Amino acid sequence: MPLRKFSQLVSVLFVEKITVDIWSDIVCPWCYLGKRRFDLALAGFERAADVRVRLRAFELDPHGRPDDARTIPERMRDDLGMAPAVVAAGVRRLTELAAAAGLEYHLDRARPVNSFDAHRLIHFAAAAGLGERAQGRLLHAYTGEGVNVADHGELIRLGAEAGLDADAVGELLAGDAHAADVRADEELGHRIGVSGVPTFLVAGRYLLNGAQPVEVLADALRRA
């Protein structure tokens, strides 16, 4: 083998992977926007093939009810005491930002229910190599379709649409599989200072909070 080709082979075999840990919550519309912006940054990164994404669970409301029928605007008014005009302006602004990233939000339908089982489903999907696909389907269902992402029937349907076996998802939800994984994600996040989502930890060194602009995420990848 020529020396040049051998050196290229060695560089491929021993290149250091870049791990990006992303803490997010399914019932957080900023998380969907943040993940989309990260995907756009990754698409323009010359070492994209060397990036490994690990999805980490975070619950904005660990005590949230799975059957809460209130929407995001209603929760903002009821729980945070925000004026209707302020709520409307905030929702409109976030919807515009999402649209600029290619996402269609209908937050007047989105119900921020308990997300623990949705996180378990994502861990289950990740074990099958379908974590990001499942997460994306859940996020779209929540922000754009008004789906109750705590409802087991809906989770089975969405899991199947992401490529998982529906019966296997049903068995998952009937038990407590991956509950420890969700708690471990949350504990790790607490230890390193994750207090809100989305949060990106790039190469174990660069911690970025919030739905950062594409350029900021791209710069973090280049520096990793």
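Structure data summary
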| quantity | calculated |
| --- | --- |
| Pairs where the first residue, in region 72-90, is touching a residue at least 24 places away in the same chain (Cβ under 8 Å) and the second is assigned to a loop (DSSP other than H, G, I, E, B) and of a type in the set (Gly, Ala, Ser), C-beta under 8 Å, 6+ apart | ILE72/ALA110 |
| Filter result for the condition that a residue is in contact with a helix residue (DSSP H, G or I) (Cβ under 7 Å, 6 or more places away or on another chain), within 17 Å of ASN114 (Cα to Cα) and of a type outside the set (Phe, Trp, Tyr), over ALA166, ALA141, ALA174, ALA180 | ALA141 |
| The listed residue being surrounded by fewer than 20 Cβ atoms within 10 Å (Cβ to Cβ), out of contact with any Pro (no Cβ under 8 Å at 6 or more places or on another chain) and not charged (D, E, K, R), out of GLY153, GLY159 | GLY153 |
| Count of residues meeting criterion [touching a helix residue (DSSP H, G or I) at 6+ places or on another chain (Cβ under 8 Å) and surrounded by fewer than 16 Cβ atoms within 10 Å (Cβ to Cβ)] in region 41-53 | 3 |
| Test: residue in region 31-40 that is touching a Ser or Thr at 6+ places or on another chain (Cβ under 9 Å), among the basic types (Lys, Arg) and not in a loop (DSSP other than H, G, I, E, B) | yes |
| Meets criteria (touching a Leu at 6+ places or on another chain (Cβ under 6 Å), surrounded by 18 or more Cβ atoms within 10 Å (Cβ to Cβ) and more than 19 Å from THR199 (Cα to Cα)) for ILE26 | no |
| Among the candidates GLU59, GLU104, residue that is modelled with pLDDT of 95 or more, of a type in the set (Asp, Glu) and farther than 29 Å from HIS178 by Cβ | GLU104 |
| Spans of helices (runs of 4 or more DSSP H) in region 115-224 with at least 2 residues of a type in the set (Phe, Trp, Tyr) and either over 17 Å from the mean Cα position of the chain (by Cα) or modelled with pLDDT of 95 or more (or both) | 116-127 |
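The values are calculated or read from the model by the stated rules, or taken from the named source; none is laboratory data. Small disclaimer: the values here were computed from a predicted structure and weren't measured. When we count neighbours, we look across all protein chains shown, and the Cβ atoms used for this are built from the backbone with ideal geometry, even at glycine.
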